[in-house]
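The values are calculated or read from the model by the stated rules, or taken from the named source; none is laboratory data. As the structure is a prediction and not an experimental result, all values here were calculated from the model. Note that each Cβ is placed from the backbone with ideal geometry, even for glycine, and that neighbours are counted across all protein chains shown. Only protein heavy atoms, including side chains, enter the accessible area calculation; ligands, DNA and RNA are left aside. Shrake-Rupley method; radii C 1.70, N 1.55, O 1.52, S 1.80 Å.
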Amino acid sequence: MSPHDHHHGDQTDHHHEHEHARGAGHDHGHKHETPCCGSACSTETKAPTAATTSGLLLRIPAMDCPTEEGQIRRALERFSEVRGLRFDLPARALNIDAPQTTWEPVIAAINGIGFKAEMLSAPPPMQDTAKAQRAELTRLIGALLVAVAAELVDFLAPDTLAWQVAGMAIAAGAIALSGLAVFRKGMSSLVRGELNINALMSVAVAGAFVIGQWPEAAMVMALYSLAELIEARSVERARNAITGLLALSPPRVEVQQADGTWASVDAKAVAIGATARVKPGERFALDGRVTVGQGAVDQSPVTGESIPVDKAPGDDVFAGTINQSGSLEFEVTKRASDTVLARIIHAVEEAQGQRAPTQRFVDRFAAIYTPAVFVLALAVAVGTPFLMGWPWLTAIYKALVLLVIACPCALVISTPVTVVSGLAAAARRGILIKGGVYLEEARKLKVMALDKTGTLTEGKPRLVEHAALSQQLSEEEVMLIAKSLASRSDHPVSKAVAMGLGGEVLPVEDFGADMGRGVHGTVNGRQYILGNHRWVHEQGLCSVELETRLEGHEAQGRTLSLLADQERVLGLFAVADTVKETSRQVVAELKALGIRSVMLTGDNPSTAKAIASLVGIDDLQANLLPEDKLKVISELGRVQQTGMVGDGVNDSPSLAAAAVGFSMGGAGTDTAKEAADVLIMNDDLSKVPETIRLSQRTYAILLQNIILALGIKAVFFVLAIFGSATMWMAVFADMGASLLVVFNGLRLLRTSVSH
């Protein structure tokens, strides 16, 4: 936004208009898909909390891995009233945000796909969940030991009927311990004609047992179930990486009582307007504004800033940040549920519910791949004895090995864990990405349009020169009129003029504003305008001599406001904005990434050129109104993938039109309502190329995971048909690939994406 991109008048109403416009752009724009349940994207959290259980809370005992989660999502897609889903796989719980009128049909739909759903009145206690997980792990380890015993009996015991019966009984015990739930789900899927992972494993294990390979059948089921548990826990770790931020906000805070004393109270119970206190070394429990004291605050948990920020009375502070020096008292400005930290977590949870393009592709691929594998296995079992002369038992065994190898688990799980890890890694660095789609799209950007004021520059202009240009009024009168008009506006340039002039103000009648031009009003019975160069030029008031003088200022990168009546220009006011220290480096980084930078501004070409030359931007477009910026973004986007960096409010139409909109939102922005695709929490422009590098790294790991999952399976496919692959090898190929892609995706949580 350039200083004159929108009018100098009172900004309050227009702020909301732009917010609405941005939201509308996202609701109906071409790039915003909601490939999820109902009318809103579902979200994920570690456990449904008291704050999130206003809807239907269910316990689903058979739901213990992402495969089942996907089945339930698909079953509920037809319910448009469902606003969101919150899965807690360790607790086998699901919180459904939907009106009560839909509860019965929703439960019926879940029961209809083979999952028994029980209503809960409160979330399962975390200690109960942990206890159940320990019991499950113990049971599966026991099943694995029993399966090993079955293998030993088969390998070491005499080949007699009694020992064979004993071995089969031991193997059946191992399968019962580890796989009854898998069989129930697998059989239910087969009855419905749905070929999923559980169906594959059920057929493979049952078939192996029937043809006499009972030790391997037991070992396959035990290893499969154990690996599923490990995999589900790993996926939960990625999904809940960002919710660890909740621990950053202490549960209690010191609050001043009515009698002036201090008491430690529950942070959730503190009302807005209360006075709280934080000692050196402590974390802020709530958002607020400093009233007493001075000190440095480490804001890295919220904004990603590595350098502590000095705070004094009047400065904002945020929950989760650390007071490093000096006792600070602050007025609470947000309740615990509405702090910046809480909104960051909420926004990332929503982003996790959206499927990225690669994930949607993988899901579609798996839907075709799994039935195709069934057909191939059937062809091997039935066709090879006739075509290749294989014994029937050998052909059936190879077909069953193929089924185990072919489980698409590794492929299906490879994308969500990677995307969620990328989202969490970004949030930890103060970059809020509003969905996997934008995390993937950022790497494709070829053009980056940058707003000038507040993006490339500090956005805090100050009056550097002023002069009276008419003999009709004294210099004091000119300054007084200009101050009177400027003081009525909240625009940065007007505020700089008003602050720079000082002194008293006169009453202004018939005050108004022209968007992107300036303000006008009547002072002492005469009409005046205070506007930019273009507006005064359109009025035909610029002489050749004045144009020359203005060009001199504009060549220095100054923004000009001119005071004029209906006949002549009365005064000149030059305002300068300083370029951010990081701007030049960021433009260079974008070039290194192969991205062309374009500066868009409402300022005149001379001012724009001066700023562009300072930061190294080659391409610029000036004299743009907000609607002109939108047109430029749309035109650029038709040729190449174009991103936009702006302030998130005034540039909202342009941000909506861009493939990826980056908002320099700042920690004080209401992130719950902010509609940008990527929100930079601390206004640090260097986070833009950092986001693009993270996008590239995420995509590289996505590709690695897909290649690993399919490559390992391809090798064992060939071994199974033409070599000597066994059930043992098959289960290691399947579960090994699954765990490999999960741990590879989790690497994003640990690695830095700094330049």
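Using θ = phi - 60° in the Karplus curve 6.51 cos²θ - 1.76 cosθ + 1.60, the 3J(HN,Hα) couplings for region 423-430 round to 4, 5, 4, 5, 4, 5, 9, x Hz; x is entered for Gly and Pro. Spin-label model, Ser613/Thr160: points 7 Å from Cα along the beta carbon direction are separated by 10.1 nm. Taking a sphere under 12 Å around the Cβ of Ala181 and counting the other residues whose Cβ falls inside, with K and R at +1 and D and E at -1, yields a net charge of +1.
Taking amide H positions as modeled 1.01 Å from N, with prolines and chain starts lacking one, the residues under 5 Å from Ala449 and 5 or more places away or on another chain are Val598, Gly643, Met644, Val645. The Cβ shell under 14 Å around Met727 holds other residues with a net charge of -3, Lys and Arg each +1, Asp and Glu each -1.
Taking all protein chains together and a 1.4 Å probe, the residues Cys407, Cys542 rank Cys542, Cys407 from largest to smallest accessible area.
Amide H contacts of Val297 (H built 1.01 Å from N, in plane; Pro and chain starts excluded): Val309, Asp310, Lys311, Gln324 sit under 5 Å, all sequence-distant by 5 or more or on other chains. Between Val718 and Phe743, the contour length at 0.36 nm per residue exceeds the alpha carbon distance by 6.4 nm. Ranked by the mean number of other Cβ atoms within 10 Å per residue, highest first, peptides 424-432, 291-299 order as 424-432, 291-299. Could you please report the charge total around Glu118, scoring K, R as +1 and D, E as -1 over all other residues with beta-carbon less than 11 angstrom from its beta-carbon? The answer is +3. Counting 0.36 nm for each residue step from Gln471 to Leu180 and taking away their Cα separation leaves a gain of 95.1 nm.
One decimal place: the segment Glu509-Thr101 gains 141.3 nm when fully extended, by the rule 0.36 nm per residue minus the C-alpha distance. Residue-wise HN-Hα couplings along region 686-692, as the Karplus relation 6.51 cos²θ - 1.76 cosθ + 1.60 with θ = phi - 60° gives them from phi, are 5, 6, 5, x, 5, 5, 5 Hz; Gly and Pro carry x.
Return the FRET efficiency for the residue pair Ser543, Ser325: r is the Cβ-Cβ distance, R0 is 45 Å, and the value is rounded to the nearest 0.05. After rounding, the FRET efficiency stands at 0.20.
Model label points for Ala700 and Val148, set 7 angstrom from Cα along the Cα-to-Cβ axis, are 4.0 nm apart.
Here the spin labels are modelled as points 7 Å beyond Cα on the Cα-Cβ line, and at Gln527 and Gln127 they lie 7.7 nm apart.
Straight-line reach only, C-alpha to C-alpha below 18 angstrom: list the lysines that Lys398 could link to, leaving out same-chain residues fewer than 8 apart. Here the lysines satisfying the reach criterion relative to Lys398 are Lys713.
With R₀ set to 22 Å, the beta-carbon distance separating Val210 from Val382 gives a calculated FRET efficiency near 0.90.
Dividing the Cα radius of gyration of region 529-571 by its Kirkwood radius returns 0.93 for Rg/Rh.
Among the listed pairs Lys452/Lys609; Lys116/Lys185; Lys334/Lys495, a Cα-Cα separation exceeding 18 Å is found for Lys334/Lys495. Among 693-706, 381-394, 466-479, 610-623, sorting by the average number of other beta carbon atoms lying within 10 angstrom of each residue, highest first, gives 693-706, 610-623, 466-479, 381-394.
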